[in-house]
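Input: a single structure, listed below in structure tokens.
The values are calculated or read from the model by the stated rules, or taken from the named source; none is laboratory data. Quantities reported herein were computed from a predicted structural model and do not represent experimental measurements. We place every Cβ from the backbone using ideal geometry, glycine too, and count neighbours over all the protein chains shown. Note: accessible area is taken over every heavy atom of the protein model, side chains too, but ligands, DNA and RNA are not part of it. Shrake-Rupley method; radii C 1.70, N 1.55, O 1.52, S 1.80 Å.
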Amino acid sequence: MAELQIDKNRDRIATYTIQTENDIVLARQYVRFHAKQFGMGIVDQTRITTAVSELFRNMYQYAGGGDVYVDLGDFAGHHALIITCIDQGPGIENLDQAMIDGYSSGAGMGFGLPGAKRLVDEFSIESEINKGTKVQVVKWI
């Protein structure tokens, strides 16, 4: 899957590193703060926070952590909050399978990635075995 084509006009708002469970909580709180700061309503704040919470937990659980980039920019004519999660983990062997509701490579219920995708306006995932995974989500403001 290709990276989302986001207009070049975007500003890096923040960078966070996920290394511990506490980092997940803090990064999730910061994403909610940014969503609120840039004018998202409570429902959209909750959607983006829930989506990234799943992505952060996956990074921590399956890859031992990673980096999160929060940008503000334009996508398809909409002003948007853009969250990019990059890890250097083992990668996802079968992306198509990972995006099916009910599939889980761990002990979860299997709604993580497809559930996160449903909560945002745009979703992109790239993964390479033994190199890592990059997930980018966009929520329009």
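From the list Asp7, Asp11, the one residue that fits, being over 21 Å from Ile92 (Cβ atoms), at pLDDT below 95 and not in a loop (DSSP other than H, G, I, E, B), is Asp11. Among the criteria (1) over 17 Å from His34 (Cα atoms); (2) of a type outside the set (D, E, K, R); (3) open to solvent by 50 Å² or more (accessible area, probe 1.4 Å), the one Gly66 does not fulfil is (3). State whether the residues of the stretch 39-53 include one that is more than 19 Å from Gly115 (Cα to Cα) and polar (S, T, N, Q). No, there is no match, as no residue in the stretch 39-53 is more than 19 Å from Gly115 (Cα to Cα) and polar (S, T, N, Q). The residue pairs whose first member lies in the stretch 113-128 and is in contact (Cβ under 8 Å) with a residue 40 or more places away in the chain and among the hydrophobic types (A, V, I, L, M, F, W, C), whose second member is surrounded by fewer than 18 Cβ atoms within 10 Å (Cβ to Cβ) and not in a helix (DSSP H, G or I), and whose beta carbons are closer than 6 Å, counting only pairs six or more residues apart or on different chains, are Leu113/Met99; Ile125/Met1. Being touching a Leu at 6+ places or on another chain (Cβ under 7 Å) and farther than 16 Å from Val120 by Cβ: is that true of Asp67 here? So Asp67 does not fit the description; no. A single member of Asp101, Asp44, Asp96, Asp71 is open to solvent by 10 Å² or more (accessible area, probe 1.4 Å), acidic (Asp, Glu) and closer than 22 Å to Tyr16 by Cβ, and it is Asp44.
Scanning the stretch 74-90 for residues that are surrounded by fewer than 19 Cβ atoms within 10 Å (Cβ to Cβ) and modelled with pLDDT of 95 or more gives Ile86, Gln88, Pro90. Among the residues of the stretch 112-141, those that are of a type in the set (Lys, Arg) and surrounded by fewer than 16 Cβ atoms within 10 Å (Cβ to Cβ) comprise Arg118, Lys131. The single condition from (1) in contact with an Asp or Glu (Cβ under 8 Å, 6 or more places away or on another chain); (2) farther than 16 Å from Glu122 by Cβ that Gln37 fails is (1).
Taking the residues in the stretch 20-35 that are farther than 24 Å from Gly73 by Cα and in contact (Cβ under 8 Å) with a residue 40 or more places away in the chain as candidates, determine which candidate is most open to solvent (accessible area, probe 1.4 Å). Steps first, please.
Initially, the stretch 20-35 is screened for residues farther than 24 Å from Gly73 by Cα, giving 20-23, 25.
Filter again for in contact (Cβ under 8 Å) with a residue 40 or more places away in the chain, leaving 20, 23.
On the way: Thr20: 62, Asp23: 36 Å².
The extreme case among them is Thr20.
Each residue in the stretch 52-80 was checked for being closer than 23 Å to Lys131 by Cα, in contact with a helix residue (DSSP H, G or I) (Cβ under 9 Å, 6 or more places away or on another chain) and either part of a helix (DSSP H, G or I) or not acidic (Asp, Glu) (or both), and 13 of them qualify.
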